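J.: I'd like to ask some things about the structure below.
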Amino acid sequence: MLKVRVIPTLLWKNFGLVKGVGFDSWRRVGPVLPAIKVYNRRDVDELILVDITASREQAEPDCDSVHDFADECFVPFTVGGGFTNLRQIQQMLRTGADKIALNSALYADPGLVGETAGRFGSQCVVASIDAKVMGDGSYECFSHAGTRPTGKTPVEWARELADRGAGEILITSIDRDGTLQGYDLGLIESVVRAVNIPVIASGGAGCYEDMCKAVLQAGASAVAAASMFHFTEQTPAEAKKALATVGVPVRSGFAGI
């Protein structure tokens, strides 16, 4: 097993960080730069920053702000929100992002995955999928920060994006988002089984045990969390210790591992 990554997620809205429940009821949690500086000292493996309003407002990705953030970020930095073409992606990578998370634009132009991977390498392409449980128990993908149904299922969509060249999949449960009640293990496992690339579990982490289950039971290659790190005393370093305790390989470089 490859070493499992612990990744804080930063949701960016109108110049500050927010966190909600079920992609709604957004609560401000502070500015971006101080959060990045704190995480630099907390043994994280990567950071994910997503502009949650860019796609809905059809706004250009904010390269100027990300340039400032990237200057202070000393771990691999994934940026998402508002990307629709290679020009924007190239500009953001030059600005300092290490990876680009693509989501809403792919439903209209799935070829953007292959174009991006062909130009910059699949290692910098994170295909982000937001999924919700429907009335009949099935899952459907939603775009534009969970506001638009797409008619696609997470399994079929993940498989297509992987086939087109995505380097990894970020799968988020809209229903579990911000609840601290644990990841949707069934959703994660179904996507893991559908693809041969790393899958990042997202949406619902509330404790270290949730992260262990996402890896050991659902097969995730990385675990992402926002509320767990924003609103509790739990830390990425302690998450790594908990994972290591149950035999999950993690990246070293912090006390106790």
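J.: Would region 66-76 turn up any residue that is touching a Pro at 6+ places or on another chain (Cβ under 9 Å) and aliphatic (A, V, I, L, M)?
T.: no
J.: Which condition number does residue 94 fail, the rest of (1) under 27 Å from residue 38 (Cα atoms); (2) surrounded by 16 or more Cβ atoms within 10 Å (Cβ to Cβ) being met?
T.: So residue 94 meets the others, but not (2).
J.: Listed residues 18, 38; which is over 23 Å from residue 158 (Cβ atoms), surrounded by 15 or more Cβ atoms within 10 Å (Cβ to Cβ) and either in contact (Cβ under 8 Å) with a residue 24 or more places away in the chain or not acidic (Asp, Glu) (or both)?
T.: Of the residues listed, the single one that is over 23 Å from residue 158 (Cβ atoms), surrounded by 15 or more Cβ atoms within 10 Å (Cβ to Cβ) and either in contact (Cβ under 8 Å) with a residue 24 or more places away in the chain or not acidic (Asp, Glu) (or both) is 18.
J.: Just checking, which of 194, 218 is touching a Gly at 6+ places or on another chain (Cβ under 9 Å) and either within 23 Å of residue 161 (Cβ to Cβ) or free of Cβ contacts under 8 Å to residues at least 12 places away in the same chain (or both)? Before the answer, list the steps.
T.: Numbers: 194 fails: touching a Gly at 6+ places or on another chain (Cβ under 9 Å).
Every option except 218 fails the conditions.
J.: I'm trying to understand the selection: among the residues of region 124-147, which are surrounded by 12 or more Cβ atoms within 10 Å (Cβ to Cβ), polar (S, T, N, Q) and out of contact with any strand residue (DSSP E or B) (no Cβ under 7 Å at 6 or more places or on another chain)? Give the derivation first.
T.: From region 124-147, those surrounded by 12 or more Cβ atoms within 10 Å (Cβ to Cβ) are 124-133, 139-147; that's our starting set.
Cutting the leftovers down to polar (S, T, N, Q) gives us 128, 143, 147.
The answer is 143, 147.
J.: Across region 51-85, what is the total count of residues that are touching a residue at least 60 places away in the same chain (Cβ under 8 Å) and either among the hydrophobic types (A, V, I, L, M, F, W, C) or in contact with a His (Cβ under 6 Å, 6 or more places away or on another chain) (or both)?
T.: 3
J.: Which condition breaks for residue 166 when tested against (1) assigned to a loop (DSSP other than H, G, I, E, B); (2) under 20 Å from residue 38 (Cβ atoms)?
T.: (2)
J.: Next up: If you take the residues in region 50-76 that are part of a loop (DSSP other than H, G, I, E, B) and among the hydrophobic types (A, V, I, L, M, F, W, C), which one is nearest to the chain's Cα centre (by Cα)?
T.: Across region 50-76, the extreme among qualifying residues is 52.
J.: On to the next question. For region 222-229, does any single residue satisfy the condition of being in contact with a helix residue (DSSP H, G or I) (Cβ under 9 Å, 6 or more places away or on another chain), closer than 28 Å to residue 42 by Cα, in a helix (DSSP H, G or I) and in contact (Cβ under 8 Å) with a residue 40 or more places away in the chain?
T.: For region 222-229, residues in contact with a helix residue (DSSP H, G or I) (Cβ under 9 Å, 6 or more places away or on another chain), closer than 28 Å to residue 42 by Cα, in a helix (DSSP H, G or I) and in contact (Cβ under 8 Å) with a residue 40 or more places away in the chain: present.
J.: OK, next. Got a sec? Which of 116, 150 is modelled with pLDDT of 95 or more, in contact with a helix residue (DSSP H, G or I) (Cβ under 6 Å, 6 or more places away or on another chain), over 16 Å from residue 52 (Cα atoms) and buried (at least 21 other Cβ atoms within 10 Å of the Cβ)?
T.: Within the list 116, 150, the selection yields 116.
J.: When you scan region 147-155, do you find a residue that is under 25 Å from residue 232 (Cα atoms) and touching a residue at least 40 places away in the same chain (Cβ under 8 Å), even just one?
T.: No, every residue in region 147-155 fails to be under 25 Å from residue 232 (Cα atoms) and touching a residue at least 40 places away in the same chain (Cβ under 8 Å).
J.: Within region 169-182, can you find the residues that are free of Cβ contacts under 8 Å to residues at least 60 places away in the same chain, out of contact with any helix residue (DSSP H, G or I) (no Cβ under 8 Å at 6 or more places or on another chain) and not in a loop (DSSP other than H, G, I, E, B)?
T.: Within region 169-182, 172 is the sole residue that qualifies.
J.: On to the next question. Which residue, of 5, 28, 56, 87, is of a type in the set (Lys, Arg) and under 18 Å from residue 235 (Cα atoms)?
T.: 5
J.: Check 184, 175 and return the single one that is of a type in the set (Asp, Glu) and surrounded by fewer than 24 Cβ atoms within 10 Å (Cβ to Cβ). Write out each step before concluding.
T.: Numbers: 184 fails: surrounded by fewer than 24 Cβ atoms within 10 Å (Cβ to Cβ).
Every option except 175 fails the conditions.
J.: Within the set of pairs 6+ apart or on separate chains, which have a first residue in region 113-139 that is within 22 Å of residue 97 (Cα to Cα), a second that is part of a helix (DSSP H, G or I) and of a type in the set (D, E, K, R), and C-beta atoms under 7 Å apart?
T.: The qualifying pairs are 113/164; 114/164.
The values are calculated or read from the model by the stated rules, or taken from the named source; none is laboratory data. Small disclaimer: the values here were computed from a predicted structure and weren't measured. Ideal geometry is used to build each Cβ from the backbone, glycine not excepted, and the neighbour counts take in all protein chains shown.
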